Amino acid sequence: MATLRELRDRTRSVQTTKKITRAMELIAAARIRKAQQAAEAADPYTRELTRAIQAVASRPDLDHPLLTELEHPKRSAVLLVTSDRGLAGGYSTNVLKAGESVRHYLTVKHHREMETYITGKKGVAFHEFRQRTIKQSWEGFSDAPTYRDADTISRVLLDAFLTPTEEGGVDEIFLVYTRFVSRVKQVPQIIRLLPLEVVSEEEAAERAESGALMTELHHAPVYQEDRVENPFDFEPSPEGVLDTLLPLYIGNRVYHALMQAAASELAARQAAMKSATDNANELIRNLTREANQARQAAITQEITEIVGGAAALSESA
């Protein structure tokens, strides 16, 4: 049985840990709101950009490399969005599991080559431990991404897609990240970034709710001609407009995924720290109870010794 001093030392140690986890919980809670506000501020631009893409892409006479799907892709790229730090519960584990499902789908079921791009130290460590090749990685901004980070990543992915497969390019690009639903729910998500799909809001919502299931992805481009009236003339040409809009759209999609992942990471960290704080409170209660029992036992022992000593003195007298 632990001594009273040992119990007190343990209690002080747990109390210190509780202060740290509580502080981290409050910091994460405050930063979640900022991440949500940043994502909401980008929504109007995203909606209008998507509408412009839909207006051009819905033209039946348009043929553009970013919209053309190969019948038999040979090489695919996957961007995994993970965290730089731990203490976020199963956040990184869940998105890495989704990434493994993509790997199985591409390499085992369809026998394609796969190149891996990663953001976040957790994803890099996961693949390095398994001695897997990483095409390129980015670190240091998982919980506070900027559009510059997204632009850097999107340019690398776009260059890989536009490079012929025979020269080391890829035929399609998948994006694996965590979608922020609420502070208590974050869902791993898999989307095909390229070739581009323009879908209705209803279908996008349905796919989002399905979560990270490769079998539920649609691989053919879908153009919703009824979504945008298309009596437009494009200058200098529809192809020229797409050449300008599509890189912006891809960068925006990557930025949206990074922002969603950042909010999800902070929400997962807040939940993990709250759980750690609750566990610390429970441990403090148990240690306090044990310390009280030890102190009471020591007092009882001292009283017994005093009474015994007094009895012995009276008998000797």
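Here the chain carries DSSP beta bridges of which approximately 40% are antiparallel, counting only pairs with both residues inside. Charging the Cβ of each Asp and Glu at -1 and of each Lys and Arg at +1, and nothing else, the dipole of segment 35-171 about its Cα centre rounds to 540 debye.
If amide hydrogens are placed 1.01 Å from N in the peptide plane, which non-local residues have theirs closer than 5 Å to the one on Gln189? Residues meeting the criterion, in which the H sits 1.01 Å from N, are Tyr177, Thr178, Arg179.
Charged side chains reduced to their Cβ positions (Lys and Arg at +1, Asp and Glu at -1) give the chain a dipole of some 2040 debye around its Cα centre. For the chain, the relative contact order comes to 31 percent (Cα pairs under 8 Å, sequence separation of at least 6). A dipole drawn for segment 1-135 from +1 and -1 charges on Cβ atoms has a positive end, and of Ala57, Phe129, Ala39 the residue lying farthest that way is Phe129. Residues in the chain average 54 Å² of solvent-accessible surface per residue, probe 1.4 Å, ligands and nucleic acids excluded. I want to check the label-to-label distance for His64 and Ala312. Put each point 7 Å from Cα in the C-beta direction and report it in nm to one decimal. Here the modelled spin labels are 9.8 nm apart. Longest exposed-loop-site-free stretch of the chain, with trypsin sites (Lys or Arg not before Pro), DSSP loop and at most 15 other Cβ within 10 Å? By the stated rule (loop sites, at most 15 other Cβ atoms within 10 Å), 133-317.
Among Gly120, Gly251, Gly86, the largest mean-square fluctuation in a Gaussian network model of the chain (Cα springs under 10 Å) belongs to Gly86.
Taking the Cα centre of segment 110-159 as origin and assigning +1 to Lys and Arg Cβ atoms and -1 to Asp and Glu Cβ atoms, the resulting dipole is close to 180 debye.
What range in the chain is the longest one free of GluC sites (Glu not before Pro) that are in a loop by DSSP and have at most 16 other Cβ atoms within 10 angstrom? Counting at most 16 other Cβ atoms within 10 Å as exposed, the longest clean stretch of the chain is 230-317. Net length available on complete extension from Asn286 to Ala42 is 83.0 nm, with 0.36 nm assigned per residue and the Cα-Cα distance removed.
So for the chain, taking the charge dipole from beta-carbon charges (+1 Lys/Arg, -1 Asp/Glu), which of Ser264, Thr152, His104 sits furthest toward the positive end? Ranked along the dipole, the leading option is Ser264. Calculated on the alpha-carbon coordinates, the convex hull of the chain measures out at 160 cubic angstrom per residue.
Give the relative contact order (percent, whole number) for segment 1-127; include only Cα pairs under 8 Å separated by 6+ residues.
Here the relative contact order equals 25 percent.
Farthest towards the positive end of the charge dipole of the chain, among the residues Pro247, Thr17, Pro195, is the Cα of Thr17, using unit charges on the Cβ of Lys, Arg, Asp and Glu.
The values are calculated or read from the model by the stated rules, or taken from the named source; none is laboratory data. What you are looking at is a predicted structure, and each value in this text was computed from that prediction instead of being measured. Neighbour counts run over all protein chains shown; Cβ positions are idealised from the backbone, glycine included. Heavy atoms of the whole protein, side chains included, go into the accessibility calculation; ligands, DNA and RNA do not. Shrake-Rupley method; radii C 1.70, N 1.55, O 1.52, S 1.80 Å.
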